[in-house]
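Read the structure below first, then the notes.
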Amino acid sequence: MGREFAYQVVYRYLVALIEEAERGGQPRLPSLRALSRRLRVSLATVQAAYSLLEHEGRVQSVPKSGYFAQVGLQAGRADVARALPAQPLLERALFAHERRLGRLRMQLARGLGVPRLRDALAERYTRSSHQYWRPEDVHLGPDVQALLETLLLALALRGSTVLVASPCCWRILRVLQRCDMRVLELPLDSGGSPDIGTLTRLLGCEPVRMMIMPSCLGFPVGRLMPARAQQQIADLLALHPVWLLENDLDSELCFSTPAGSRLRDRVDPRWLLVLGSLEATVGAEAPYAYLLGGHPALTDAFALRAFQLAPTRQQALAQMITSGEIDEHLGQMRAALRGRMVQLCQHLDAVLGGQVDFDMPEGGCALWVRLSPEMLGAQAVVATAGSALQVLAGEQFSVHGRYRQCLALTWLGDQPGALIEALKSLARALAFDAIRR
């Protein structure tokens, strides 16, 4: 970026505290208010930094207790890197492309035959969609949060009403909260479909300016939205002038080839926006987010923000896309993800069978677990900190306190023995909660 944002300063400060905790220091981190006063930034800025670290698996938020360093994990986005086993191959390929491009930097400076990232993304989405995308319709940002904030500002949506499929990616929810959005949640059922009657009522009586819906795979539940539900949503949107932000962050993580039916193929392209990220496919070394949308205000807003992204890395990513290298590795990653999820479900059933409810997901690296009424998840988050199992409270995926009886489980690493031990810790924590109640 052209300048360093305040949340990045807070982020670096917290990373230093986490590294101290890794060396045996205090694992408890400062509260939002304490850090806000100490660094002279807003509470929202501190929350943004903590949210990013939570996503990276380096921080655990414990209700009524505060934030704790997640020690024992590698620096960087350890949860993502270890949950997606095929990514290291892509990251090594990325570095190899960068080294080669570095040797050709004189040719790069003259732009000789090197594909650009925006061109590559536009071509890739045009091939996989009924829509035609131009390079100028692709807008790049350093991460999902910065990109979303720019989008809301560009379309004058800050402070307005947004309708989101629920549960929803917590990174998106935190940005909406920071931008003072009024968030309405539309729960998806166990089959990935919304209640069309509720959606009809909300669009008819609420001042909704934007809808955020999954492209095909809903995270964290991991269910594919049926084609019939997609068509019903599209039919309703044809009656209402509402922006559709299609959440395409997780579509590449379907266990089989992503569904050919996407919501974006059924709606008016004039009201369509598509949100994606290279992190899910390439890894933490490519956290870049992108937005597809043809409104002129988007071009102006992103030009004003002037995000400075490493040009050589962009060129390397573009080559990996156009050569088919990313698609080739995606096949391996999907097979590995499915195998890991089968193991996680089997071990969870062996340790906690009959005490919790869950379904084998159709994609992603998280398992959505529903607890019995007498169980609470707060102690489980603490008990599994630093283990082979990342546990996130279901409440993180709602702004209205929904899903208190749910947990999102992600297996970190690749050792079944460590996973079984973590699941036993989870079982003891849930049993302790049930006794206390």
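For the chain, excluding the exposed loop sites themselves (GluC sites (Glu not before Pro), DSSP loop, at most 14 other Cβ atoms within 10 Å), the longest remaining stretch covers 5-373. Stretched out straight at 0.36 nm per residue, the stretch from R182 to L309 would grow longer than its current Cα-Cα span by 42.6 nm.
Computed extension length for Q332-E136: 67.4 nm, one decimal, from 0.36 nm per residue of separation with the Cα-Cα distance subtracted.
Between the listed residues S215, Y67, L32, the Cα displaced farthest toward the positive end of the dipole of the chain, a dipole computed from Cβ unit charges relative to the Cα centre, is found at L32.
So how much slack lies between A297 and R12, counting 0.36 nm per residue of separation and subtracting their Cα-Cα distance, in nm? This chain segment gains 99.4 nm when fully extended.
In terms of its alpha-carbon gyration tensor, the stretch 90-326 comes out prolate; a/c meets the 1.5 threshold, and the first ratio a/b outweighs b/c.
The candidate values were [x] 28; [y] 40; [z] 31; the one computed from these coordinates for percent of Cα pairs over 34 Å apart carries the label [z].
Here the simple spin-label model places points 7 Å from the Cα toward Cβ, and for L43 and C205 these points are separated by 3.1 nm. Of the residues D235, D248, the one with the fewest other Cβ atoms within 10 Å heads the list, and the complete ranking is D235, D248.
Of the residues A122, V144, A227, the one whose Cα sits farthest towards the positive end of the charge dipole of the chain is V144 (charges of +1 on Lys and Arg Cβ, -1 on Asp and Glu Cβ, taken about the Cα centre). Across the chain, the mean sequence separation of Cα contacts (distance under 8 Å, 6 or more residues apart), normalised by length, yields a relative contact order of 18 percent.
For the chain, a Gaussian network of Cα nodes joined below 10 Å ranks L352, L224, L147 by mean-square fluctuation, and the top entry is L352. Among R118, R223, a tally of other beta-carbon atoms within 10 Å of each Cβ gives an order, fewest to most, of R118, R223.
When each of H347, H400 is scored by the number of other beta-carbon atoms lying within 10 Å, the sequence from fewest to most is H400, H347. When only Cα pairs below 8 angstrom with a gap of at least 6 residues are kept, the stretch 90-326 shows a relative contact order of 28 percent. Charging the Cβ of each Asp and Glu at -1 and of each Lys and Arg at +1, and nothing else, the dipole of the stretch 90-326 about its Cα centre rounds to 600 debye.
Each value in this text was obtained by applying a stated rule to the coordinates, not by laboratory testing. Values in this document were obtained by computation on a predicted structure and should not be read as measured data. Cβ: placed from backbone, ideal geometry, glycine included. Neighbour counts: every protein chain shown.
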